[in-house]
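Written out below as structure tokens is the structure these notes cover.
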Amino acid sequence: MGVEYREEPCRSALNRVQGMPFKWSLNPYTGCAHRCTFCYVRAFERRADRPSDGRYGRSIRVKANVAEVLRAELARPSWRHEQVAIGAATDPYQPCEGRYRLTRGCLEALAAARNPFSLITRGPMIVRDLDVLQEAAGRAEVAVFFSVPTLDDEVWRKTEPGTAPPRQRLRAVRRLIDAGIKAGVGMAPILPGLSDRPEQLEEVVRAAREAGATSVWANMLYLRPGTREHFLECLARDFPEQLETYEQLYARRAYLPASETEAMRSCVKELRQRYGIADRRYVRLSPPPEPTQLALAV
């Protein structure tokens, strides 16, 4: 698939976020060449009157000056060094990062400012930036998460067509862990009837444990308008026997109720305990403790 890259400056790097565990997000690119069929960003693209169908991912905005803008924002007296989430709306290590190196520039800015951040990706290219991640982790809290919804080869190829193989991502987890970086695995989204069988979930958790992942979490698929239409179209093509089930499960709703997700969550919780998922890094990079003010004896 041909991809157009548009180099455009940005006015701001940090985005205020509401309703999420973090208050600020950072995305060096707009659009994603990974083209995952279930990507929730398609819903936001539709709301912004941009293509959310098969055309999504064909045009990537490259925020050419994002690292410089970020440095200026982090240097403002009003900035309170709050956590920044990288990759919430587009993968920071999609293929074009190899050329533009904007994510690396942003990591360097965050490290220099001693600012905490988290990052989620499907891109093993992150191992290129181990040196910057180590520097940042020695100055502030840093957490990396690799999205690995499944190790099923057919499901991966048909739902994540532009991504690196899941086991390659797990090898990157091991590289980060060995370097002292906190790295976990996010099993998201789990697809009903396609990647939610207990043996499939166990395969991912076991592989995450073997890679040394410090944590594992999981979420089920949700389908908002924009994502829904494209995903169901791809489902009808690739897994037609599942289409009727999905139309019933997601009829008039984007999220499955707790009653529909409880079995998956319970299974993953039990698997985490069985495989002993925990922070087992031999080297643990962490920022120095905050200085404490000594009280004067009276």
Considering Cα pairs under 8 angstrom that are at least six residues apart, work out the relative contact order of the chain and quote it in whole percent. 18 percent
Once a ≥ b ≥ c are taken as the square roots of the eigenvalues of the Cα gyration tensor of the stretch 149-298, is the result rounded (a/c under 1.5), prolate (a/b larger than b/c) or oblate (a/b not larger than b/c)? prolate
Collect residues whose amide H, placed 1.01 Å from N in the peptide plane, falls under 5 Å from the amide H of W24; neighbours closer than 5 in sequence don't count. V17, A85
Out of L70, Q168, T150 - ranked by how far each Cα lies towards the positive end of the dipole of the chain, with unit charges on the beta-carbon of charged residues - the top one is L70
Considering only the chain, what is the antiparallel percent among its DSSP beta bridges, to the nearest 5? 15 percent
Compute the FRET efficiency between N15 and E233 as 1/(1 + (r/R0)^6), taking r as their Cβ-Cβ distance and R0 = 30 Å, and round to the nearest 0.05. 0.50
For the stretch 132-139, just list the computed ³J(HN,Hα) in residue order, Karplus coefficients 6.51, -1.76 and 1.60, θ = phi - 60°, integers in Hz, with x standing in for Gly and Pro. 5, 4, 5, 4, 5, 5, x, 10
Cysteines not pairable in the chain (beta carbon separation under 4.7 Å absent): C10, C32, C96, C106, C234, C267
What FRET efficiency comes out for the pair R167/H81, r = Cβ-Cβ distance, R0 = 51 Å, nearest 0.05? 0.90
For the chain, with all protein chains present and a 1.4 Å probe, just round the carbon and sulfur fraction of the accessible area to a whole percent. 50 percent
Expressed in angstrom and rounded, the centroid-to-centroid distance over alpha carbons for the stretch 97-144 and the stretch 256-290 is 23 Å
Burial ranking of peptide ranges 97-104, 235-242 (average Cβ count within 10 Å, highest at the top): 97-104, 235-242
Once you sort the root eigenvalues of the Cα gyration tensor of the stretch 96-234 as a ≥ b ≥ c, which label holds: rounded (a/c under 1.5), prolate (a/b larger than b/c) or oblate (the other case)? prolate
How many angstrom lie between the Cα centre of the stretch 1-70 and the Cα centre of the stretch 203-234? 20 Å
A263/K23 FRET efficiency (R0 41 Å; Cβ-Cβ; nearest 0.05): 0.80
What is the gain in length, in nm to one decimal, between R6 and S215 on full extension, counting 0.36 nm per residue of separation less the C-alpha to C-alpha distance? 71.6 nm
Given a 1.4 Å probe and the protein chains all in place, what does the accessible area of Y222 round to, in Å² to the nearest 10? 60 Å²
Regression test value, accessible area per residue of the chain, probe 1.4 Å, units Å², expected 50 Å²
Formal net charge of residues neighbouring R99 (Cβ-Cβ distance under 15 Å; K, R +1; D, E -1): +1
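The values are calculated or read from the model by the stated rules, or taken from the named source; none is laboratory data. Because the structure is a prediction, the values reported are computed rather than measured. For neighbour counting, all protein chains shown are included, and Cβ atoms are generated from backbone atoms with ideal geometry for every residue, glycine included. Protein only, heavy atoms only, side chains kept; ligands, DNA and RNA dropped before computing areas. Shrake-Rupley method; radii C 1.70, N 1.55, O 1.52, S 1.80 Å.
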